[in-house]
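**Student:** Dropping a structure here in structure tokens format, bear with me for questions.
The values are calculated or read from the model by the stated rules, or taken from the named source; none is laboratory data. Please read all numbers here as calculations on a predicted model, not as lab measurements. All Cβ positions, glycine included, derive from the backbone under ideal geometry; neighbour counts span all protein chains shown.
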Amino acid sequence: MTDDGTRSERQKRTINRIHRIQGQLAALERAIEDDRDCEHRVIQALAIEKAVSSLTNHMLEGYIEYQARPRIQSDPDATLDEIKRLFKLLLK
């Protein structure tokens with residue numbers, strides 16, 4: 001598989017993750033509308049939080065693989081600065 005094919009597959013997986021999160025959000029909304037118990041709602045919310053965190057990590061890995069890695073030799077300082085900014089965002 002070419003890099004473009006791999007990248008395209010990764011983008012599809014990213015979109016699928018977003019769709020799953022949207023489904024989880026809709027399920028939480030239904031749980032609230034149906035007056036489900038608080039424990040159920042919290043479990044739903046925590047699952048969403050974990051899914052968003054996983055999505056963030058997935059996107060960061062894709063950035064490193066498909067954007068930062070190819071640029072690191074041509075412009076290492078700018079690339080490393082960008083990676084540092086991304087990690088600072090993760091630590092907020």
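**Student:** Search the stretch 1-48 for residues being of a type in the set (Asp, Glu) and surrounded by fewer than 11 Cβ atoms within 10 Å (Cβ to Cβ), and hand back the single one that is modelled with the lowest pLDDT. I'd like the intermediate steps shown before the answer.
**Tutor:** Step one: filter the stretch 1-48 for residues of a type in the set (Asp, Glu), giving 3-4, 9, 29, 33-35, 37, 39.
Imposing the further condition that a residue be surrounded by fewer than 11 Cβ atoms within 10 Å (Cβ to Cβ) reduces the set to 3-4, 33-35, 37, 39.
Values: Asp3: 64, Asp4: 72, Glu33: 97, Asp34: 97, Asp35: 97, Asp37: 97, Glu39: 97.
The selected residue is Asp3.
**Student:** Applying the selection to the stretch 67-86, what residues are over 15 Å from the mean Cα position of the chain (by Cα) and closer than 26 Å to Lys12 by Cα? Before you say what the answer is, go through the steps one by one.
**Tutor:** Here is the first cut: in the stretch 67-86, the residues over 15 Å from the mean Cα position of the chain (by Cα) are 67-85.
Answer for the stretch 67-86, where residues must be over 15 Å from the mean Cα position of the chain (by Cα) and closer than 26 Å to Lys12 by Cα: Gln67, Ala68, Arg69, Pro70, Arg71, Ile72, Thr79, Glu82, Ile83, Arg85.
**Student:** Right, next: Looking at Ile43, Ile48, which one is in contact with a helix residue (DSSP H, G or I) (Cβ under 6 Å, 6 or more places away or on another chain), closer than 22 Å to Ile18 by Cβ and β-branched (Val, Ile, Thr)?
**Tutor:** Selected residue: Ile48, the only one of Ile43, Ile48 that is in contact with a helix residue (DSSP H, G or I) (Cβ under 6 Å, 6 or more places away or on another chain), closer than 22 Å to Ile18 by Cβ and β-branched (Val, Ile, Thr).
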